[in-house]
Amino acid sequence: MALKLKPISLDAIDAALSKAELYRTLHEPQEAESICRDVLAVQPEHQLARRLLGLAITDQFTGAPADRYSEAEKVFQQLTSPYERLYYAGLVQERRAKAQLRAGRPPYTLRVLLEEAMRCYEEAEQIRPLGNDEATLRWNRCVRLIEAYEHGDWVREVGHFEMGDGAPSR
């Protein structure tokens, strides 16, 4: 028996995407990813399927080099809304930083990712739809994450950590 993917019907797209959202909620991002790929196979420009696919990929970030950061970025860059492209570009960086933090990477190595996320959120905020403060909420979360660590955890110079008073410590 030959293995071949079967296309879903156009009438089934809404129900399929509802299932994809459910699988994300149930912490089964691989299932959600598979469904989104099925939808995109029959409707390549479907925006909700693209958003859910990108989110399902970021749900799988573990902080390992094998994480599919570039793939998630590429999916989100295919969104038609300039606001969403910026917002989700920031989300990729934020989720990447959080995954690496959970994996034990030192905070000072991740600040650049959070700052890039914040840059994207700031740009998205400038063109956000009326009443949409998602980018502001994400910006604030990044600020709080940075503030959760002492200054010395975020700043590292060669051979020493810089302490909060500006005096290097060896």
What does the charge count around H46 come to, taking other residues whose C-beta lies under 15 Å from its C-beta (Lys +1, Arg +1, Asp -1, Glu -1)? -3
Would you order F76, F61 from fewest to most other beta-carbon atoms within 10 Å of each residue's own beta-carbon? F61, F76
Select from the range 1-37 those GluC sites (Glu not before Pro) which occupy a DSSP coil region and have at most 15 other Cβ atoms within 10 Å, ordered by residue number. none
Starting with the fewest neighbours, write out H46, H27 ranked by other beta-carbon atoms found within 10 Å of each beta-carbon. H27, H46
Residues V143, V42 in order from fewest to most other beta-carbon atoms within 10 Å are V143, V42
Using C-alpha positions alone, give me the convex hull volume of the chain per residue in cubic angstrom. 149 Å³
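The numbers here are math on the coordinates, done by the rules we state, and not lab data. The shown structure was predicted, so the numbers you read here are calculated from the model rather than taken from an experiment. All Cβ positions, glycine included, derive from the backbone under ideal geometry; neighbour counts span all protein chains shown.
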